[in-house]
């Protein structure tokens, strides 16, 4: 019995160690090879000389803009959907179907979103391939994150608060607006930030919806094409005429993308931590 | 029952179903104005369901069906033209566990006014002070009105909830075991407060605690479940009569502690 116990302990510990090891290796490798590349010039300048020199500023810019644009669509739609599911349509068949749809949405391969985005936003709605179409496509992909985390946050608001509100003569919307939402705000924020972290690193949905190989100028409207960090890594490792020559740029770009997504996740963890401490 | 008292709430043939389950069965009783009426009985006998029928809080749960009539000041609150918001302003409620909002003490009491769209700062301040005074809490909180309500003790939180209910100027106050989560001293304070409040308000209280019903109420209704677990009214009358000379042997059995 003792012996068996030890085997299971070792197995679980081993599994954990494998994950930590892999993650550390990836981060260490990217840090080691990327840190030397990161200079102010790298961050603030466009690529030069057939993208073998210079910086990645247009890709940073494109990634940030398309992600912010995504937030503008995803947060209201996701939050309102979650409010409907949890506050208005609780237990109804309709909300069961919506929830099922959202869960399925979360398991659709991201390249399928890309194809859908091209068919629906780019061609059918005639938005063209650009920041807007890309942001909307990524938005659909990250919508489940916002809906699920908002729902969790709403569910965590004790029902007794809602009852107290109703008993004072508040309408449903007043209860949601002035009692439930303020309480759920940290959770909603966490969800929004996690969706940013997720959406930022996605490449496949951008492929047909507006990402560009190289642009000599920054996008000036939401219908313009854009450069993107993840896509930049992809083309530098597969399409570059000299992969060895551009390797430092690949590592540098990966490091920048990693740092961006990591910092968003850390912000989310921090908010969640403060929220928990406030509750207890 | 004393016939000289004016009837505030009149319940006629009230049936409430949760889905197909009959939770309370054929309740008929009259609740007099400016008095405390206690509803007692064992767990699951429909006391809270009955109480929540008086401000239509049962409707927040899915699949609840209510039959019969509940009239307040002669008006059936279940008739289709009743404005739920107005009804609930008129019939305040205090819950089993103190449930102040995670806002400041001031904002808790001001909440009912704010949702009515009242913006007049002076009027809000006046009402908040008056309500806190009536709930016997003013002296304890007047220096920390903008501190979080969650920093108060359980008993203070419950009095804050009473103040919050008073601020919207109800005529009826429903209390669902308001002291069950409090210590004995806080409980006595709530009971003192109830005695003061009945000068102006009609109070209906659900309680597990028979001594509390005997101490504080003027009238007592005893509920029990029948063989189908439906709650029904066994006996209703002056509290002193119910506790000293109950007419029904089941009432006597309950108050002498033979079951429940």
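The values are calculated or read from the model by the stated rules, or taken from the named source; none is laboratory data. Note that the structure is a prediction, hence the values are computed from the model and not measured. When we count neighbours, we look across all protein chains shown, and the Cβ atoms used for this are built from the backbone with ideal geometry, even at glycine.
Whether any residue in the range B:129-143 is surrounded by 21 or more Cβ atoms within 10 Å (Cβ to Cβ), more than 11 Å from every other protein chain (Cβ to nearest Cβ) and either in a loop (DSSP other than H, G, I, E, B) or out of contact with any helix residue (DSSP H, G or I) (no Cβ under 8 Å at 6 or more places or on another chain) (or both) is what I want to check. Taking every residue of the range B:129-143 in turn, at least one turns out to be surrounded by 21 or more Cβ atoms within 10 Å (Cβ to Cβ), more than 11 Å from every other protein chain (Cβ to nearest Cβ) and either in a loop (DSSP other than H, G, I, E, B) or out of contact with any helix residue (DSSP H, G or I) (no Cβ under 8 Å at 6 or more places or on another chain) (or both). Applying the criterion of being part of a loop (DSSP other than H, G, I, E, B) and either within 11 Å of chain A (Cβ to nearest Cβ) or in contact with a strand residue (DSSP E or B) (Cβ under 6 Å, 6 or more places away or on another chain) (or both) to the residues of the range B:165-181, the residue that is surrounded by the most Cβ atoms within 10 Å (Cβ to Cβ) is B:178.
Residue-by-condition table, conditions (1) touching a strand residue (DSSP E or B) at 6+ places or on another chain (Cβ under 7 Å); (2) buried (at least 19 other Cβ atoms within 10 Å of the Cβ); (3) within 30 Å of residue A:170 (Cβ to Cβ):
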{"site": "A:191", "(1), (2), (3)": "no, yes, yes"}
{"site": "A:218", "(1), (2), (3)": "no, no, no"}
{"site": "A:232", "(1), (2), (3)": "no, yes, no"}
{"site": "A:276", "(1), (2), (3)": "no, no, yes"}
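Checking each residue in the range A:236-259 for being outside any loop (DSSP other than H, G, I, E, B) and surrounded by 19 or more Cβ atoms within 10 Å (Cβ to Cβ) picks out A:236, A:249, A:250, A:251, A:252, A:253, A:254, A:255, A:256, A:257.
Residues in the range A:94-107 that are more than 14 Å from chain B (Cβ to nearest Cβ) and touching a helix residue (DSSP H, G or I) at 6+ places or on another chain (Cβ under 8 Å) were compared, and the one that is nearest to residue A:154 (Cα to Cα) is A:99. Out of A:169, A:165, report the one residue that is at positive phi, within 12 Å of another protein chain (Cβ to nearest Cβ) and surrounded by 19 or more Cβ atoms within 10 Å (Cβ to Cβ). Exactly one of A:169, A:165 is at positive phi, within 12 Å of another protein chain (Cβ to nearest Cβ) and surrounded by 19 or more Cβ atoms within 10 Å (Cβ to Cβ), namely A:169.
Examine the range B:13-28 for a residue that is surrounded by fewer than 23 Cβ atoms within 10 Å (Cβ to Cβ), closer than 18 Å to residue B:203 by Cβ and within 13 Å of chain A (Cβ to nearest Cβ), and state whether such a residue exists.
No, every residue in the range B:13-28 fails to be surrounded by fewer than 23 Cβ atoms within 10 Å (Cβ to Cβ), closer than 18 Å to residue B:203 by Cβ and within 13 Å of chain A (Cβ to nearest Cβ).
Scanning the range B:89-99 for residues that are farther than 11 Å from residue A:161 by Cα, facing chain A (nearest Cβ under 8 Å) and touching a strand residue (DSSP E or B) at 6+ places or on another chain (Cβ under 6 Å) yields B:92, B:93. Scan the range B:41-54 and give yes if some residue there is surrounded by 24 or more Cβ atoms within 10 Å (Cβ to Cβ) and over 16 Å from residue B:223 (Cβ atoms), otherwise no. Checking the range B:41-54: not a single residue is surrounded by 24 or more Cβ atoms within 10 Å (Cβ to Cβ) and over 16 Å from residue B:223 (Cβ atoms). When the test is whether a residue is in contact (Cβ under 8 Å) with a residue 12 or more places away in the chain and loosely packed, with under 15 Cβ neighbours inside 10 Å, residue B:218 does not pass it.
Where residues in the range B:100-123 are within 14 Å of chain A (Cβ to nearest Cβ) and assigned to a helix (DSSP H, G or I), which of them is farthest from residue B:158 (Cα to Cα)?
Per the stated criteria, the residue is B:114.
Within the range A:37-61, being closer than 20 Å to residue A:258 by Cβ, in contact (Cβ under 8 Å) with a residue 40 or more places away in the chain and not in a helix (DSSP H, G or I) holds for A:37, A:38, A:47, A:56. One residue is enough: does the range B:66-84 have a residue meeting the conditions without any contact (Cβ under 8 Å) to a residue 60 or more places away in the chain, assigned to a helix (DSSP H, G or I) and out of contact with any strand residue (DSSP E or B) (no Cβ under 8 Å at 6 or more places or on another chain)? Checking the range B:66-84: at least one residue is without any contact (Cβ under 8 Å) to a residue 60 or more places away in the chain, assigned to a helix (DSSP H, G or I) and out of contact with any strand residue (DSSP E or B) (no Cβ under 8 Å at 6 or more places or on another chain). Restricting attention to the range B:151-164 and to residues that are within 14 Å of chain A (Cβ to nearest Cβ) and surrounded by 15 or more Cβ atoms within 10 Å (Cβ to Cβ), the residue that is farthest from residue B:199 (Cα to Cα) turns out to be B:157.
Could you list, in sequence order, the residues of the range B:23-45 that are over 18 Å from residue B:246 (Cα atoms) and in contact with a helix residue (DSSP H, G or I) (Cβ under 9 Å, 6 or more places away or on another chain)?
B:23, B:24, B:27, B:36
Report yes if some residue within the range A:184-200 is part of a helix (DSSP H, G or I), free of Cβ contacts under 8 Å to residues at least 40 places away in the same chain and either within 14 Å of chain B (Cβ to nearest Cβ) or within 30 Å of residue B:112 (Cβ to Cβ) (or both); otherwise report no. Yes; the residues of the range A:184-200 include at least one that is part of a helix (DSSP H, G or I), free of Cβ contacts under 8 Å to residues at least 40 places away in the same chain and either within 14 Å of chain B (Cβ to nearest Cβ) or within 30 Å of residue B:112 (Cβ to Cβ) (or both). Annotation: residue B:80 fulfils all but one of (1) closer than 19 Å to residue A:172 by Cβ; (2) more than 9 Å from chain A (Cβ to nearest Cβ); (3) buried (at least 22 other Cβ atoms within 10 Å of the Cβ); (4) over 17 Å from the mean Cα position of the chain (by Cα); the unmet one is (3). Among the residues of the range A:117-131, is there at least one that is farther than 19 Å from residue A:226 by Cβ, surrounded by fewer than 16 Cβ atoms within 10 Å (Cβ to Cβ) and away from chain B (no Cβ under 14 Å)? Within the range A:117-131, one or more residues are farther than 19 Å from residue A:226 by Cβ, surrounded by fewer than 16 Cβ atoms within 10 Å (Cβ to Cβ) and away from chain B (no Cβ under 14 Å). The residue of the range B:33-55 that is modelled with the lowest pLDDT, among those that are within 16 Å of residue B:214 (Cβ to Cβ) and assigned to a loop (DSSP other than H, G, I, E, B), is B:41. Which residue pairs have Cβ atoms closer than 8 Å, lie 6 or more positions apart in sequence or on different chains, and pair a first residue in the range A:203-220 that is on the phi < 0 side of the Ramachandran plot and assigned to a loop (DSSP other than H, G, I, E, B) with a second residue that is at pLDDT below 90 and surrounded by fewer than 14 Cβ atoms within 10 Å (Cβ to Cβ)? Once the first residue is on the phi < 0 side of the Ramachandran plot and assigned to a loop (DSSP other than H, G, I, E, B) and sits in the range A:203-220, its partners that are at pLDDT below 90 and surrounded by fewer than 14 Cβ atoms within 10 Å (Cβ to Cβ) give A:213/A:239. The residues of the range A:62-93 that are out of contact with any helix residue (DSSP H, G or I) (no Cβ under 9 Å at 6 or more places or on another chain), assigned to a helix (DSSP H, G or I) and at pLDDT below 95 amount to a single one, A:93.
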